[in-house]
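The values are calculated or read from the model by the stated rules, or taken from the named source; none is laboratory data. The model shown is predicted, which means the values in this text are computed figures rather than measured ones. Cβ coordinates were reconstructed from backbone atoms using ideal geometry, including for glycine residues, and neighbour counts include every protein chain displayed. These accessible areas exclude ligands, DNA and RNA; they are computed on the full protein's heavy atoms, side chains included. Shrake-Rupley method; radii C 1.70, N 1.55, O 1.52, S 1.80 Å.
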Amino acid sequence: MTEPSQAASPGIRVDWWCGRLEGLLVRESRKTLSHLQKLFQYPACEGMGPDTVVYRVRWWEPVPANLEGGLFWGLTEIESGQVGDEYFMTHGHFHAKRDRAEYYGTIQGSGMLILMNEKRETRLEEMLPGSLHYIPGGIAHRVANTGVAPLSFWACWPSDAGHDYATIDANGFSARLKNRNGRPTLVPEE
Ligand code: M6P
Ligand code: ZN
């Protein structure tokens, strides 16, 4: 009888308390106000420089991007803050391959998952520690941090999903999440 083969360990570790992803193969990106300014309706940011970090993503691609059948894993941390009356939020995207789905799971903090279908109908799911969110294919997704502490969530998405940011850059979402008297309120675009 032969011994079971030992697959090489990629040495990726998750701290399940805070979601932090560690390992040599973990990649990282940061989005600052200067990257995101055009997403906000009133982009003037008093007291915050263009290098202010809005969110960080750390993720692992165990297989090449665009390969069909694989999965990627990531951790996104959004700082608490506002630009005008809009909360700090991710860019938001459709998947380039429209039928690809994704899971988001909240670890710490509170916020809203903003979902928009291709008919531009927008709805919210509340994100709280432990909330699990299934994002079907064909749905644009963005997360806003509505709390006073950082919001962190894990994500798992297909390796061939890709990110279509251009559609969001061109048309935005059909509604904006605004702080109205201390409450997150979805305000339709005119
Ligand atoms: C999650 C996943 C990633 C995405 C990240 C930030 O971790 O959906 O694919 O890149 O959130 O979102 P965005 O790319 O819209 O800035
Ligand atoms: Zn996605």
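Can you confirm whether the stretch 115-124 contains a residue that is of a type outside the set (Gly, Ala, Ser), in a strand (DSSP E or B), at pLDDT 95 or above and within 11 Å of ligand 1 (Cβ to nearest atom)? If you could, list the steps in order and put the result at the bottom.
Filtering the stretch 115-124 for residues of a type outside the set (Gly, Ala, Ser) gives 115-124.
Still in the running and in a strand (DSSP E or B): 115-116, 122-124.
Cutting the leftovers down to at pLDDT 95 or above gives us 115-116, 122-124.
From what is left, the residues that are within 11 Å of ligand 1 (Cβ to nearest atom) are none.
Among the residues of the stretch 115-124, not one is of a type outside the set (Gly, Ala, Ser), in a strand (DSSP E or B), at pLDDT 95 or above and within 11 Å of ligand 1 (Cβ to nearest atom), which makes the answer no.
Name the single residue that is farthest from the chain's Cα centre (by Cα) among those in the stretch 132-158 being open to solvent by 10 Å² or more (accessible area, probe 1.4 Å) and β-branched (Val, Ile, Thr). Working first, answer last.
From the stretch 132-158, those open to solvent by 10 Å² or more (accessible area, probe 1.4 Å) are 132, 134, 136-139, 142, 146-150, 154, 156-158; that's our starting set.
Okay, now just the ones that are also β-branched (Val, Ile, Thr), so 139, 146, 148.
Working: 139: 13, 146: 14, 148: 18 Å.
My answer is 148.
Yes/no matrix, rows are residues, columns are (1) out of contact with any Leu (no Cβ under 7 Å at 6 or more places or on another chain); (2) among the small types (Gly, Ala, Ser); (3) modelled with pLDDT of 95 or more:
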| residue | (1), (2), (3) |
| --- | --- |
| 54 | no, no, yes |
| 66 | yes, no, no |
| 72 | yes, no, yes |
| 86 | no, no, yes |
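Within the stretch 24-39, track down each residue that is touching a Lys or Arg at 6+ places or on another chain (Cβ under 6 Å) and within 20 Å of residue 105 (Cβ to Cβ). It would help to see each step written out before you state the result.
Of the residues in the stretch 24-39, the ones touching a Lys or Arg at 6+ places or on another chain (Cβ under 6 Å) are 26, 28, 30.
Those that are touching a Lys or Arg at 6+ places or on another chain (Cβ under 6 Å) and within 20 Å of residue 105 (Cβ to Cβ): 26, 28.
If we keep just the residues of the stretch 125-157 that are away from ligand 1 (no atom under 16 Å from the Cβ) and among the aliphatic types (A, V, I, L, M), which is farthest from residue 179 (Cα to Cα)? I'd like the intermediate steps shown before the answer.
Let us first name the residues in the stretch 125-157 that are away from ligand 1 (no atom under 16 Å from the Cβ), namely 126, 128-130, 146-149.
Imposing the further condition that a residue be among the aliphatic types (A, V, I, L, M) reduces the set to 128, 148-149.
Values: 128: 18, 148: 13, 149: 16 Å.
The selected residue is 128.
Just to check your reading of the model, which residue among 155, 140 is within 15 Å of residue 186 (Cβ to Cβ), within 16 Å of ligand 2 (Cβ to nearest atom) and touching a Gly at 6+ places or on another chain (Cβ under 8 Å)?
Details: 155 fails: within 15 Å of residue 186 (Cβ to Cβ).
Going through 155, 140 in turn, the sole match is 140.
Step by step: first the residues of the stretch 158-185, then only those that are in a strand (DSSP E or B) and within 14 Å of residue 92 (Cβ to Cβ), then the one that is nearest to ligand 1 (Cβ to nearest atom). Which residue is that?
As a first pass, look at the stretch 158-185 and keep what is in a strand (DSSP E or B): 158, 164, 175-180, 183-185.
Filter once more, so that each one left must be within 14 Å of residue 92 (Cβ to Cβ): 164, 175-177.
Numbers: 164: 10, 175: 17, 176: 16, 177: 14 Å.
So, considering only residues that are in a strand (DSSP E or B) and within 14 Å of residue 92 (Cβ to Cβ), the one nearest to ligand 1 (Cβ to nearest atom) is 164.
Take the stretch 90-121 and flag every residue that is in contact with a Cys (Cβ under 8 Å, 6 or more places away or on another chain) and within 13 Å of ligand 2 (Cβ to nearest atom).
Of everything in the stretch 90-121, those that are in contact with a Cys (Cβ under 8 Å, 6 or more places away or on another chain) and within 13 Å of ligand 2 (Cβ to nearest atom) turn out to be 102, 103.
Six or more apart or on different chains, Cβ under 8 Å: which pairs go from a residue in the stretch 157-174 that's touching a residue at least 24 places away in the same chain (Cβ under 8 Å) to one that's among the hydroxyl-bearing types (Ser, Thr, Tyr) and outside any helix (DSSP H, G or I)? Could you list them?
That search, which allows pairs on different chains as well, returns 157/103; 173/122; 174/122.
Being more than 19 Å from residue 179 (Cβ to Cβ), more than 14 Å from the chain's Cα centre (by Cα), open to solvent by less than 80 Å² (accessible area, probe 1.4 Å) and in contact (Cβ under 8 Å) with a residue 12 or more places away in the chain: is that true of residue 83 here?
Details: more than 19 Å from residue 179 (Cβ to Cβ): no; more than 14 Å from the chain's Cα centre (by Cα): yes; open to solvent by less than 80 Å² (accessible area, probe 1.4 Å): yes; in contact (Cβ under 8 Å) with a residue 12 or more places away in the chain: yes.
In short, no.
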